[in-house]
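Shown next, in structure tokens, is the structure this report addresses.
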Amino acid sequence: METIELLDRYLQAVKFWLPKKQKQDIIAELSEDLRSQIEDREAELGRNLNESEIAALLKQRGRPVLVANRFLPQESLVGPVLFPIYLFVLKMVAAFYMVPWILVWIGIAVSRAVHSGQSLIATIGLFWTSFWPVTLFWVGGVTIVFAILERVQAKSRFLEEWDPRKLPPVRDPNRIPRSKSIVEVVANMVFCIWLIGGMWYQTVLHFSGVTIRLAPTWRYFFWGFLALAIANTVASGVNLFRPFWTWARATIRLVSDCVGSVLFCWLMMANIIFAISVVNVAPEKTAQVAQAINWWSAKMFPLAVVACVIITVVDAYRILRVRSNAGGATMGLPRIKYTS
């Protein structure tokens, strides 16, 4: 009797957590299964099970609330069908909104601490105060959208209507799109023409009554940017006719971007605007404008460094990827063949 009572108590505990409409059917099924296990065990031992053995069997089955959960429909805001897409969108929000926002705020906080003497801790505290509500807004908004899509998908099954023939082609990360190479060639040629035609080795520029005097160091920047633009034009032209990354060309791109990054960051801190003159405008006011341009340029220096570091990391990763692909071919793995 005690063993039967223990089993009934267990079934009652499970029944408490079950949905009302299914309680009787689920309990009947569970009861039959447990009694069958007990009978099989008793037949194996040749005697009735005692209370401890019944308790061990029930404990092996699981806690009542967990057993009941196995019979319940699995409910979640975003189900397993849409969860990978949901996670991907959250990563995109983090990569293209939250992380850049954090980096911008770090740059602003450092600039304020350096130029105005404002406490760095106070600036960061102000940032965190405004950061969390915006973060919760974006994450909550994305979650709500996918929760709605999950309910729509459960009823309409719209994700099951698809055509394998419409899948995107296999992407080769080491292949260079010709459209990208054409854009790079045109952009670098336009930059060269602008440098040679409008900025040719001069430090005084005239624009409709406005005269801008550049610092003498501009000559170094001029030759540096011109040489870099010519080199990039040649490299992009080679990529246009041989549209795939090799270790040598990926390394050249890394060196080119590193040189360009150094020049650009140096330009930000060089106080390149020496003076500005405007017809019928007091020199004091134009001097303030020139000073403000140089100040803001220096203030944006941390952001320029962050952007250049990101570009360098991407270039370094490209080299590792190309070498990895070449290493796979050396070990006998299939190698991708490129055709122009």
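The values are calculated or read from the model by the stated rules, or taken from the named source; none is laboratory data. Because the structure is a prediction, the values reported are computed rather than measured. Don't worry about glycine lacking a Cβ; one is built from the backbone with ideal geometry, like all the others, and counts go over all protein chains shown. The protein model used for the area step is the full one, side chains on, heavy atoms only, and it has no ligands, DNA or RNA in it. Shrake-Rupley method; radii C 1.70, N 1.55, O 1.52, S 1.80 Å.
Here are the numbers:
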| read-out | value |
| --- | --- |
| Selection within segment 26-55 - part of a helix (DSSP H, G or I), of a type in the set (D, E, K, R) and either under 14 Å from Glu5 (Cα atoms) or open to solvent by 60 Å² or more (accessible area, probe 1.4 Å) (or both) | Glu29, Glu32, Asp33, Arg35, Glu39, Asp40, Arg41, Glu44, Glu51, Glu53 |
| Selection status of Ala307, modelled with pLDDT of 90 or more and not β-branched (Val, Ile, Thr) | no |
| Some residue of segment 110-120 being β-branched (Val, Ile, Thr), modelled with pLDDT under 70 and not in a loop (DSSP other than H, G, I, E, B) | yes |
| The lone exception for Ala235 - which of (1) modelled with pLDDT under 85; (2) in contact with a Lys or Arg (Cβ under 8 Å, 6 or more places away or on another chain) it fails | (1) |
| Residue list for segment 257-280, filter: under 22 Å from Thr211 (Cα atoms) and open to solvent by 60 Å² or more (accessible area, probe 1.4 Å) | Met269, Asn271, Phe274, Val279, Asn280 |
| Any hit, segment 285-296, residues being surrounded by 16 or more Cβ atoms within 10 Å (Cβ to Cβ), among the hydroxyl-bearing types (Ser, Thr, Tyr) and without any contact (Cβ under 8 Å) to a residue 24 or more places away in the chain | yes |
| Residues that are modelled with pLDDT under 80 and within 27 Å of Ala282 (Cβ to Cβ), drawn from segment 191-208 | Gln202, Thr203, Leu205, His206, Phe207, Ser208 |
| Residues being of a type in the set (S, T, N, Q) and surrounded by fewer than 13 Cβ atoms within 10 Å (Cβ to Cβ) - total across segment 203-251 | 1 |
| Check on Leu58, in a helix (DSSP H, G or I) and within 52 Å of the chain's Cα centre (by Cα) | yes |
| Pairs, first part of a loop (DSSP other than H, G, I, E, B) in segment 202-213, second open to solvent by 100 Å² or more (accessible area, probe 1.4 Å) and hydrophobic (A, V, I, L, M, F, W, C), C-beta under 8 Å, six or more apart | Thr203/Phe274 |
